[in-house]
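Structure record follows, encoded as structure tokens.
Computed from the coordinates by the stated procedures, all read-outs in this text should not be read as laboratory data. Everything numeric here is computed off the predicted structure, so don't read it as measured data. Positions of Cβ are backbone-derived with ideal geometry, glycine not excepted, and every protein chain shown enters the neighbour counts.
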Amino acid sequence: MTAVDTAPAAYATGWRLWALLAALLLVSAISQIDRILPFILAEAIKTDLGLSDTQIGLLTGAAFAVCYTLLSLPLARLSDRGSPRLVLLGCLLVWSTMTALGGLAASFVVLALTRFGVAFGEAGGMPAGHALIARQVRPERRGLALGLFSMGIPLGTMVGFAAGGAMADTVGWRTALVGAGALGGLAFLLAALVIRPTPPRPRTGADRTPFVREALRLLSAPGFRWLFVAALAIGFASAPFYAFSAPFLIRTHGFTAGEVGLSFGLMQGGLGVIGALLGGRGFDRAVRSGRGRIIGLPGWLFLISAVTTAAALFAPTGWMSIVLFVPTMFSFALLLPWAFGAAHLVAGPGKQAMATSLMMIGSGLVGPALGPVIVGAVSDAAAVNGLGNTLGLGLLIVPVASALAGIATLIANNRIAAVLRTR
């Protein structure tokens, strides 16, 4: 253990450890619900507010990307240097409030502004959660802890798709957003009671380095740089996939929002839970093996998912499309604890939130800002020219980006192994 790592006395044990992980899992799930709801509600929002596919792409992409760019790094630095508990609670309160206000929006501009607010909060949620794990969970169990925290993403996706789709068909998209915001308020109260304050981390010379310079220094490491490239590609794969897979199944194969939410959401939730847990345990075992090649399996899985996703976009039936989407759903979940764990390992103690923030910027900046817009623009252009399966054509960006993510992950695997052998 290095001088800047957490003191052993600060590690949570017994029921306190599991209470911490349960609270973080809940916060992570709420975050994903608030983020994913506009995807399953997209058709209802589009009809009610008279939006185009391009505007839907802007709403689900650029609104998040801008705030990630402006706020993720400073909030991560605040989590590393100060109290990650207070950062997490403040971010949770902000994004829950803005989600609820989104249900009151009467125009594209107002709804986009509320999504900026949601992104404001979510920009700091994951870095703060990872900083808490780094300070309160023993190193040999951090992969599992990251897996449990990451499990909130598929669980939130499952609940968001299933409940959001059902509410879109019954009580409307506005009630769905207000209800999600209220749920976040309850999660805030629970997290405030369960998560203990962390002792201050000993200050070092690195704390006086501007956070932008520290981020650039981290990006200069070959292993981390290729992880960042993989994150960029994943952003181009995941954001369009989640933004338009539900509208694709509704328009192309005639599903209702409720049917898509139930089937797609349950599959994503189940596969995501399994993937996150296996990813966390797999990362812990890979590190303990001492071989240094700690992130190869997710890379190969992304190459497989590129092939199956391309086939899904032109499958003759909706259920065949959903089944062919399975490797993509699984690969996104499996990679999360593996990639974040590898990034933390390369970054070193006291920089875990910074590493998380950079990975979030990689996956949450360019891809989510441009990917859904590209899909929407291609779909609109195909419709104008009288082509069929317009969203399927636009979604071809997903398998291409998945293949690039797989290649970059495998290169990162080799670079990280070379670095670990010298330590």
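Test of understanding: what is the full-extension gain from W319 to L86, defined as 0.36 nm times their sequence separation minus their Cα-Cα distance? Don't skip to the end; give the middle numbers.
Numbers: separation 233, 0.36 × 233 = 83.88 nm, distance 4.43 nm.
Computed gain between W319 and L86 is 79.5 nm.
Using only Cα atoms and rounding to the nearest 10 degrees, what angle (0 to 90) does helix 222-253 make with the longest principal axis of the chain? Compared with the principal axis, the helix lies near 30 degrees. Computed from Cα positions, the angle between helix 397-422 and the longest principal axis of the chain comes to roughly 10 degrees. For segment 238-358, the Kirkwood estimate of the hydrodynamic radius, built from every pair of different alpha carbons, is 15.7 Å. Length gained on full extension, R16 to A417, computed as 0.36 nm times the residue gap minus the Cα-Cα distance: 140.9 nm. All other residues whose Cβ lies under 12 angstrom from that of G57 are scored, Lys and Arg at +1 and Asp and Glu at -1, for a net of -1.
Within the shell of other residues whose beta carbon sits under 12 angstrom from the beta carbon of E43, the net charge comes to -1, with Lys and Arg scored +1 and Asp and Glu -1.
Stretching L113 away from V384 to a fully extended chain increases their span by 94.6 nm, per 0.36 nm per residue minus the current alpha-carbon distance.
The residues neighbouring L391, those whose beta-carbon lies less than 15 Å from its own, together hold a net charge of -1 under the Lys/Arg +1, Asp/Glu -1 convention.
Using only Cα atoms and rounding to the nearest 10 degrees, what angle (0 to 90) does helix 173-194 make with the longest principal axis of the chain? In the chain, helix 173-194 runs at an angle near 10 degrees to the longest axis.
Mean residue ellipticity, 222 nm, helices only, the chain: the sum of -39500 (n - 2.57) across DSSP H runs of n ≥ 4, divided by residue count and rounded to 500, is -28000 deg cm²/dmol.
Converting the Cα gyration tensor eigenvalues of segment 93-232 into ellipsoid dimensions via √(5λ) gives semi-axes, longest first, of 33, 19, 17 Å.
State the dimensionless ratio Rg/Rh of segment 291-337 (Rg: radius of gyration of Cα atoms; Rh: Kirkwood radius).
Numbers: Rg = 12.5 Å, Rh = 11.3 Å.
Taking Rh as the inverse mean 1/r over Cα pairs, Rg/Rh reads 1.11.
Structure remark: mean-square fluctuation, Gaussian network model of the chain, C-alpha springs under 10 Å; the largest value among A44, A131, A29 belongs to A44.
Take the convex hull of the alpha carbons in segment 353-403; its mean projected area over all directions comes to 3.8 nm².
Each peptide in 330-341, 365-376, 307-318 gets a packing score, the mean of other Cβ atoms within 10 Å over its residues, and the list from highest to lowest is 330-341, 365-376, 307-318.
In this calculation the C-beta distance from V400 to S220 is compared with R0 = 35 Å, giving a FRET efficiency of 0.80.
Note on segment 85-143: Cα-only Rg and Dmax are 15.0, 50 Å.
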